[in-house]
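Asker: Shown below is the structure under consideration.
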Amino acid sequence: MSSVERAGGARRRRQVTVEVGQGLRELSAELVLLRRQVGARLDLRGMDMDCLDLINAHGPLSPTALAQRAGLHAATTTGILDRLERGGWISRRRDPSDRRATVIHALRERNAELLGHFAEMNSSVERICADYDEAELELLADFLRRTADAGRHATEGLADRP
């Protein structure tokens, strides 16, 4: 392979890498807009939806664990949990291993309502995935997991700095 071919290949790789970054930013922006629309329909603030997502994904959680995962102060978390509980999205229960502590549970009945607003997007993703074979989907899933881990690491790094 000539140096011209190597340079052209390196240039194309940088270009495609930039396109991936641009695609991720565009996807992020579109998902933020979608979540805003869903939140407005369900009377959920952005951070309320973020916390509900965390509870659904990692729960049941203590309020302290939720605050740490969300990067929030305890008082802010309490206000969010109060709103989610009033809205019928969560319940607070005594921790069976420590009756002094509270554990937050997502109320699954409301999840169907929430997921219904994302049905069109979920259907679109399923149609897109149908265009890829299993190996390609595994590669995409790995890329997304690793990218999410990188985002989590960057967030934690910023949170640790004064």
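Asker: Would you kindly identify the helices (runs of 4 or more DSSP H) lying entirely within region 1-115 that contain at least 3 residues that are touching a residue at least 60 places away in the same chain (Cβ under 8 Å)?
Answerer: Filter on region 1-115 gives 3-42.
Asker: When region 57-90 is examined, which residues are found to be acidic (D, E) and either at positive phi or open to solvent by 70 Å² or more (accessible area, probe 1.4 Å) (or both)? Don't jump to the end; show me each part of the working.
Answerer: Of all residues in region 57-90, those acidic (D, E) come to 82, 85.
Of everything in region 57-90, just one residue is acidic (D, E) and either at positive phi or open to solvent by 70 Å² or more (accessible area, probe 1.4 Å) (or both), namely E85.
Asker: Residues of region 89-122 being closer than 19 Å to P63 by Cα and of a type in the set (D, E), which ones?
Answerer: Hits for region 89-122 are D95, D98.
Asker: Can you pull out every residue in region 125-160 that is small (G, A, S) and either touching a Ser or Thr at 6+ places or on another chain (Cβ under 8 Å) or in a helix (DSSP H, G or I) (or both)?
Answerer: A135, A141, A148, A150, G151, A154, G157, A159, listed by residue number.
Asker: Could I ask something else about it? Please find, within region 91-121, the residue that is nearest to A67 (Cα to Cα) out of those that are open to solvent by less than 70 Å² (accessible area, probe 1.4 Å) and polar (S, T, N, Q).
Answerer: Looking at residues that are open to solvent by less than 70 Å² (accessible area, probe 1.4 Å) and polar (S, T, N, Q), I get T102.
The values are calculated or read from the model by the stated rules, or taken from the named source; none is laboratory data. Everything numeric in this text was worked out from a predicted model, so none of it was measured. No Cβ is skipped: glycine too gets one built from the backbone with ideal geometry, and neighbour counts run over all protein chains shown. In case anyone asks, the SASA skips ligands and DNA or RNA and just uses the protein heavy atoms, side chains included. Shrake-Rupley method; radii C 1.70, N 1.55, O 1.52, S 1.80 Å.
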